[in-house]
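S.K.: Shown below is the structure under consideration.
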Amino acid sequence: MSADSAAAARLDGVRRAAATVVDPEIPVLTIADLGILRDVRLAADGQVVVSITPTYSGCPAMHVIREEIVAAVAQAGFGPVVVETVLSPAWTTDWMTEHGRQQLKDYGIAPPAPVPAAGPDGAAPLMFFRTAPVTCPRCGATATTELAAFGSTACKSLWRCERCREPFDYFKTH
């Protein structure tokens, strides 16, 4: 095996190991499904670097995620890695996988609505303004009401379905 193919195989193994790490606040989502696992690369000195982007800059779960990445990579036999936090570009819910969105819904959390495309005037959308209703993850109704801007974590808001009357978290669009 050439040095290049050995390095590529190692990076692939590190990525697969890191991708198994679950979000400690939403344990049905891996960091790959959430879209915060950004890159795995070799540094100039040969060290493997795993890049992650937090869902927001003050996310308290990042410390645990960093430790879990190091442990998962070591357990998979790929040795020590450096985990770096990358803040730019900022994380967006567009980076979530469809599998991750379905996992959220199945877990009882309404997945984020898609960010609308640019308007007819070509202006970028205001990302924090929803254009589609929030759908209840339990019964599928769109007659829902926001109860609080922040839910169980800062990246979620608390909603209630008007049909089934159940409260639920909505993963905010970022």
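S.K.: Output needed: Cys residues of the chain lacking any neighbouring Cys C-beta below 4.7 Å, sorted by number.
M.R.: Lone cysteines by the Cβ rule: Cys59, Cys155.
S.K.: Please order Ser152, Ser51, Ser88 by the number of other Cβ within 10 Å, starting at the fewest.
M.R.: Starting with the residue having the fewest Cβ neighbours, the order is Ser88, Ser152, Ser51.
S.K.: Note down the magnitude of the dipole of region 1-115 about its Cα centre, charges +1 on Lys and Arg C-beta and -1 on Asp and Glu C-beta and zero elsewhere, to the nearest 20 debye. Display every interim value, and only then the final one.
M.R.: Numbers: 8 positive and 13 negative charges, 16 e Å.
Computed about the Cα centre, the dipole is about 80 debye.
S.K.: Taking K and R as +1 and D and E as -1, what net charge do the other residues with C-beta under 15 Å from the C-beta of Gly46 add up to?
M.R.: Details: positive: Arg10, Arg41; negative: Asp4, Asp45.
Taking every other residue near Gly46 into account, the sum is 0.
S.K.: Multiply the residue separation of Ser57 and Glu166 by 0.36 nm, subtract the distance between their alpha-carbon atoms, and state the gained length in nm to one decimal.
M.R.: Details: separation 109, 0.36 × 109 = 39.24 nm, distance 3.07 nm.
Full extension from Ser57 to Glu166 adds 36.2 nm.
S.K.: Fewest Cβ neighbours within 10 Å first, please rank Tyr170, Tyr107 accordingly.
M.R.: On the way: Tyr170 24, Tyr107 14.
Least to most surrounded, the residues fall as Tyr107, Tyr170.
S.K.: What is the calculated FRET efficiency for Leu158 to Val28, with r their C-beta to C-beta distance and R₀ = 22 Å, to the nearest 0.05?
M.R.: Values: r = 19 Å, r/R0 = 0.85.
The calculated FRET efficiency here is 0.75.
Any read-out appearing in this document is the output of simple, stated calculations on the displayed coordinates, not a laboratory observation. Everything numeric here is computed off the predicted structure, so don't read it as measured data. Counting neighbours? That spans all protein chains shown, and the Cβs are built from the backbone with ideal geometry, glycine included.
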